[in-house]
Amino acid sequence: MSEPRDPQSPAQPVGPPPGTWVLGRVKGIRLTMRVTWLPVAVLLAIGFSTIIGQQFPDLGGWRYVASFAFVVAFTVSILIHELAHALVAMRFKIPVTEINLGFFAAGTHIEGERKTPFEEFAVSVVGPLASLLVGAVAYLGSRAADEGVAYVALFELAIANLIVGITNLLPGLPLDGGWVLRAFVWKLTGNMHTGTVAAAWAGRLIAIAVLAAPVVLEEVFNRQPTIIDFVIALAVGFFLWMGSTASLMQARLRRRLPALQVRNLARRAIAVHAGTPVSEAVRLAGEQRAGAVVVIDGEGKPHALVSESAVNAVAPNQRPWTTVGEVATRIGSGHIIGVNDTGEEILATLRKNPASEYLVLDPEGKVYGVLTSADVEQAFRNR
């Protein structure tokens, strides 16, 4: 499924998370796989080998080879599903950084938001459609094979992709169908966040329905549920509930973003030269009620910042003999932010160039103050 990265926190890691294999790149997109793929693949292969062994007992040990080949083919079909998302997103010039493969939580990491409901619909719906197409091709292949191991493998591959395609079209986040629903609500209301909230609540309802499925099967179809039924329902329902809840929290967060402004969050700063003692900088900051210190060069241009933690790390009796230049941190090229920037622009800067402090400049390029990531996080918690 597609996974837009909505900002839940100011900074997000750019490397693969622990427990992930990097397989290479496809169309410039990093291809990774969770290590959990292997044990699940083994379990699926063993289960499928039982089906093949019952129908073709003469295969002997070769049934395990055929079963593992089926699992690999199923993994490739998941890759096709995710590539469909990625290629359509790239067609709309939306950056795609990674495709992560797994049987239950595969995802295409798409950076940024879709700009229109149509882009949202197209990027989201193409993955399930690709799975249904793969399932149709596999079914036609099974008809051509007519009998034998190839027939069983292709037929089971068709069923698996049919399940993936239909399941992902269910209209609730975090499933692809949830993003499709969001696109429709967005189109009807003109508000993307309203679409997210509607799709997230729909995802919660689907999660509840999945959790209740074993009981419904017993009451309606008179089928006695097994412990496996309850385990699967619990796992899938928990996944859907957590995903929809995360989407709901993101929607609420993004509604608050326009109210966040650098102008209101920035700390007032004093400008001092590198040779200024830390004690003198602290005194000047106290007099001017400033919460940050900017180090300037001989031409009055800012080139470094002194963080509060750096000042606190210097013992009071050492501050008269320690200069701000000794404890300052140089300002990186991405650690400058405009005073008129608001929520989306703030988070974009913090995600792209993580730091504890940023120099804030006014429209004329003069020092306005300092923005700390801690203050941004506090502002999120308070809203």
> Taking interchain pairs and intrachain pairs at least six residues apart, which have beta carbon atoms under 6 angstrom, with the first residue in segment 33-45 and within 12 Å of VAL72 (Cα to Cα) and the second assigned to a helix (DSSP H, G or I)?
Replying inline: ALA41/VAL71; LEU44/VAL71; ALA45/SER67; ALA45/PHE68; ALA45/VAL71
> farther than 16 Å from LEU175 by Cβ, open to solvent by 20 Å² or more (accessible area, probe 1.4 Å) and in a helix (DSSP H, G or I) - does that describe any residue in segment 93-112?
Replying inline: no
> Looking at segment 73-87, which of its residues are open to solvent by 30 Å² or more (accessible area, probe 1.4 Å) and within 18 Å of the chain's Cα centre (by Cα)?
Replying inline: LEU79, LEU83, LEU87
>> Suppose the filter is in contact (Cβ under 8 Å) with a residue 24 or more places away in the chain and more than 30 Å from HIS193 (Cβ to Cβ); does VAL152 pass it?
In response: yes
> Quick one: how many residues across segment 113-134 are of a type in the set (D, E, K, R) and open to solvent by less than 10 Å² (accessible area, probe 1.4 Å)?
Replying inline: 2
> Quick one: in segment 345-364, which of the residues that are outside any helix (DSSP H, G or I) and under 14 Å from ARG263 (Cα atoms) is most open to solvent (accessible area, probe 1.4 Å)?
Replying inline: PRO363
> Does PHE70 satisfy being over 28 Å from TRP179 (Cβ atoms), modelled with pLDDT of 85 or more and crowded, with 18+ Cβ neighbours inside 10 Å?
Replying inline: yes
> Does GLY332 satisfy the criteria of being touching a strand residue (DSSP E or B) at 6+ places or on another chain (Cβ under 8 Å), farther than 30 Å from VAL185 by Cα and part of a loop (DSSP other than H, G, I, E, B)?
Replying inline: no
>> Tell me whether segment 275-294 contains one or more residues that are under 31 Å from the mean Cα position of the chain (by Cα) and open to solvent by less than 30 Å² (accessible area, probe 1.4 Å).
In response: no
> For residues in segment 213-254 being closer than 25 Å to ALA200 by Cβ and of a type in the set (D, E, K, R), which is surrounded by the most Cβ atoms within 10 Å (Cβ to Cβ)?
Replying inline: ARG254
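The values are calculated or read from the model by the stated rules, or taken from the named source; none is laboratory data. Values in this document were obtained by computation on a predicted structure and should not be read as measured data. Cβ sites come from the backbone with ideal geometry, for glycine too, and all protein chains shown count toward neighbours. Accessible surface areas use protein heavy atoms only, side chains included; no ligands, DNA or RNA. Shrake-Rupley method; radii C 1.70, N 1.55, O 1.52, S 1.80 Å.
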